[in-house]
């Protein structure tokens, strides 16, 4: 379970070059699937990233960093 994310969920004002950091209660490992980033104002999809992408780092730790291409 995610205990903290940076920036916070539904944050309206985020720096264009910000990464997303998800902090979990335990270490997590890479699996399968996608992470989809939505625009908070209208729920449009900004980007979908496969979890095996080099844009997602931190497997084996409790902090996963997502570096969206669409900064």
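The values are calculated or read from the model by the stated rules, or taken from the named source; none is laboratory data. In this text, all values refer to a predicted model and were calculated from it rather than measured experimentally. Heads up, the Cβs are rebuilt from the backbone with ideal geometry, glycines too, and the neighbour counts pull from every protein chain shown.
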Subject >> Residue that is nearest to the chain's Cα centre (by Cα) [pool: residues in the stretch 43-65 that are at pLDDT 90 or above and within 16 Å of residue 11 (Cα to Cα)] >> reply: 45
**OP:** Can you give me the number of residues within the stretch 1-39 that are surrounded by 10 or more Cβ atoms within 10 Å (Cβ to Cβ), at pLDDT below 90, more than 12 Å from the chain's Cα centre (by Cα) and farther than 15 Å from residue 70 by Cα?
**Re:** 3
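Here's the yes/no breakdown for (1) part of a loop (DSSP other than H, G, I, E, B); (2) in contact with a strand residue (DSSP E or B) (Cβ under 8 Å, 6 or more places away or on another chain); (3) in contact (Cβ under 8 Å) with a residue 12 or more places away in the chain:
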site	(1), (2), (3)
17	yes, no, yes
25	no, yes, yes
32	yes, no, yes
37	no, yes, yes
42	yes, no, no
49	no, yes, yes
53	yes, no, no
59	yes, yes, yes
62	no, yes, yes
